[in-house]
Structures are given as structure tokens and as C-alpha cells.
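See below for the structure under consideration.
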Amino acid sequence: MLVARSVVLFVLAALFEIGGAWLVWQGVREHKGAVWVGLGVIALGIYGFVATLQTDANFGRVLAAYGGVFVAGSLAWGMIADGYRPDRWDVSGAVICLVGMAVIMYVPRHH
């Protein structure tokens, strides 16, 4: 159950971080204005809070593992929001990152 909770938190964090960055991008690069930027900043702040809800107390481990989720989630966001089509190398890289994330977060450790 702890792994499932952790995965849900990683997905939620990705939605807020990637979504927040996308909103800032839209506000600045696509000239949609300050409201979009402001919403993006709020979403990025929520991402920072969601990351603290992981049960692992090691900031470096949680953030490093989240990096794999961010890579895969960014490609998925681009596909859904912007019509981006990843090639096989994008997909291969994302899979490698997700495997790395799983190793960092979920392998048994004996202390």
C-alpha cells in the first residue's frame, strides 16, 4: 500500500509541477498574460508541498526519484497539451528514467 500511495503522490506532484511550468510557459512564451503565470506559480508551490507527503524522509532521494517521473510526465504532457509526438528515443529514455526512479525509491534497503 505504501508503494501505491507513493506512486499516486508522484503523479500528483508531476501534474502540479509540469502543469505549473506549462502555465508559466503559456503566460510568457505564448503571451497569455500574468494570470497564467500566477496560476503557474501557485501550482509550482503546491507541487513543493505534495513532494513533502512522501513517506521517505530523505529529500535527495525523493527529489531524485521524482526526476524520473518528471521526464516521463513531461513527454506525456507535451503529447496531450501540445500535440508533441515522442520518438522511440524519447520513449526509451523515459522508460530508463522510470526504472531508475523505481530503483531509487522502492528497492529494499537494509540499514
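The values are calculated or read from the model by the stated rules, or taken from the named source; none is laboratory data. From a predicted model like this one, the values you see are computed outputs, not experimental measurements. Heads up: the accessible areas ignore ligands, DNA and RNA and are worked out on the full protein's heavy atoms, side chains in. Shrake-Rupley method; radii C 1.70, N 1.55, O 1.52, S 1.80 Å.
Solvent-accessible surface (1.4 Å probe) assigned to Arg29 amounts to roughly 150 Å².
The Kirkwood hydrodynamic radius of the stretch 53-111, based on inverse pair distances between different Cα atoms, is 12.5 Å.
Each helix, a run of at least 4 DSSP H residues, gives -39500 (n - 2.57); summed and divided by the residues of the chain, these come to -28000 deg cm²/dmol at 222 nm. At a probe radius of 1.4 angstrom, the accessible area of the chain per residue rounds to 64 square angstrom. Quotient of the Cα radius of gyration of the chain and 2.2 N^0.38 Å, N being its number of residues: 1.15.
For the stretch 82-89, backbone phi angles converted through the Karplus equation (6.51, -1.76, 1.60; θ = phi - 60°) give residue-by-residue couplings of 10, x, 5, 10, x, 8, 4, 6 Hz, Gly and Pro being listed as x.
Normalising by the residue count of the stretch 1-91, find the relative contact order in percent from Cα pairs under 8 Å and 6+ residues apart.
29
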